[in-house]
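This report refers to the structure that appears directly beneath it.
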Amino acid sequence: MIALERIRSKEPVALPGYPDFWGKLRKAHRERRTRLGLALPIRMDRMPAPMLRVDDPIFPFGRIMVDTVGDAVCAYAIPVMSFLAEGAAGMVAMERLIRYLPDDLPILLDLRWRDPGSAERCARAAFEVWGADGVTVAPEFPAEAAHAFAAYRGGAVFWWMDEVGALPQALHHAREALARGIPAGLAFSVLMEIRAHELEGVPWIALDVRHPSPLSRMASWPPPAVIFVGEPILYASRRVDFQEAAREAAKQWRQEVAAHFPVDEHASRVSG
């Protein structure tokens with residue numbers, strides 16, 4: 001089923017001043033005063049026990065988590081593979097969940113796309129069909145192919161890395177994309193040894209953060225646009241108290257993020 005509401009509101013035309021990924025994020029920073037984002041890696045094998053009694057619990061669980069902790073975050077990340085692993089039911093749940101997310105917060109589709117030859121079709125799926133505001137691509141994804149994403153009202157493109165060796169390639173493509181006027185950045189799934197000047201002028205986000213200890217080591221870098229936390233919040237408890245546990249975990253993570261990366265007047269300067 002195609003998300004008709006989002007297709008109508010997100011025509012594939014770049015409009016100056018339209019609240020794209022970065023516009024939405026600047027607004028969220030100002031209003032919510034946080035850099036914490038919520039990732040939604042929903043997995044049946046981690047589902048709280050009360051949800052296992054629900055038919056097709058993937059979307060209901062995601063909806064409950066959004067309702068429970070949504071006021072503590074400034075953005076959402078959708079790890080596509082988590083939903084794809086659950087087959088057709090997972091993909092339907094993913095589409096329903098994206099449509100359920102608030103329109104005023106940016107939505108990152110964590111695709112880690114690799115094939116430049118199908119970039120236009122991927123962009124249509126990500127931005128027109130699913131209604132995301134940004135995507136992740138693999139380190140080797142060429143900058144010249146990223147224009148297909150930016151054509152959809154300034155869709156942001158993040159070059160994703162999970163190993164140190166990928167940094168030079170990803171950083172090169174991100175800088176080249178920025179030079180072409182494409183909203184671009186870097187997405188780190190692991191902590192790397194990086195000198196602050198290497199990230200100068202390149203927005204970045206953190207994905208798959210599972211423990212607060214890396215935050216202090218990241219503090220020497222330029223501030224991240226968003227720090228996405230998923231499993232430590234979603235699965236803070238598998239018992240009947242899972243909502244209360246998730247709410248408390250989100251509160252603690254928000255405090256940890258704020259301690260290292262407070263949102264101040266400079267937050268509104270993040271942009272692609």
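All of the numbers you see were taken from the coordinates with simple rules; none came from a lab. Note that the coordinates shown come from a computational prediction; the quantities given were computed from them, not determined experimentally. Here the Cβ positions follow ideal geometry from the backbone for every residue, glycine too, while neighbour counts run over all protein chains shown.
For the reader, a short list of remarks on this structure follows.
- Charge sum, other residues only, whose C-beta stays under 14 Å from PRO57's C-beta, Lys/Arg counted +1 and Asp/Glu -1: +2
- J(HN,Hα) series, the range 116-126, from Karplus relation 6.51 cos²θ - 1.76 cosθ + 1.60, nearest Hz, glycine and proline x: x, x, 10, 4, 5, 5, 5, 4, 4, 5, 5
- Calculated FRET efficiency, ARG99 to ARG180, Cβ-Cβ distance, R0 = 25 Å: about 0.20 to the nearest 0.05.
- Cα-based equivalent ellipsoid, the range 118-208: semi-axes from gyration tensor eigenvalues, Å: 22, 13, 11
- Ellipticity at 222 nm from helices only: DSSP H runs of n ≥ 4 in the chain, each -39500 (n - 2.57), divided by the residue count, give -10500 deg cm²/dmol.
- Rounded to the nearest 20 debye, the dipole magnitude of the chain is 420 debye, with +1 charges on Lys and Arg beta carbons, -1 on Asp and Glu beta carbons, and the Cα centre as origin.
- Over the range 141-260, equivalent-ellipsoid semi-axes from the Cα gyration tensor in Å: 30, 17, 12
- Here is the list for the range 71-155: trypsin sites (Lys or Arg not before Pro) lying in DSSP coil, each with at most 15 other C-beta atoms within 10 angstrom of its C-beta, are ARG114.
- Computed extension gain for ARG210 through LEU84, at 0.36 nm per residue and net of the alpha carbon distance, reaches 43.2 nm.
- Measuring nothing but alpha carbons in the chain and taking Rh as the Kirkwood radius, the Rg to Rh ratio lands at 0.94.
- Equivalent ellipsoid dimensions for the range 159-210 as semi-axes, Å, which come from the Cα gyration tensor, largest first: 18, 11, 10
- Fraction of the pair-distance distribution of the range 20-62 above 18 Å, Cα-Cα pairs, percent: 49
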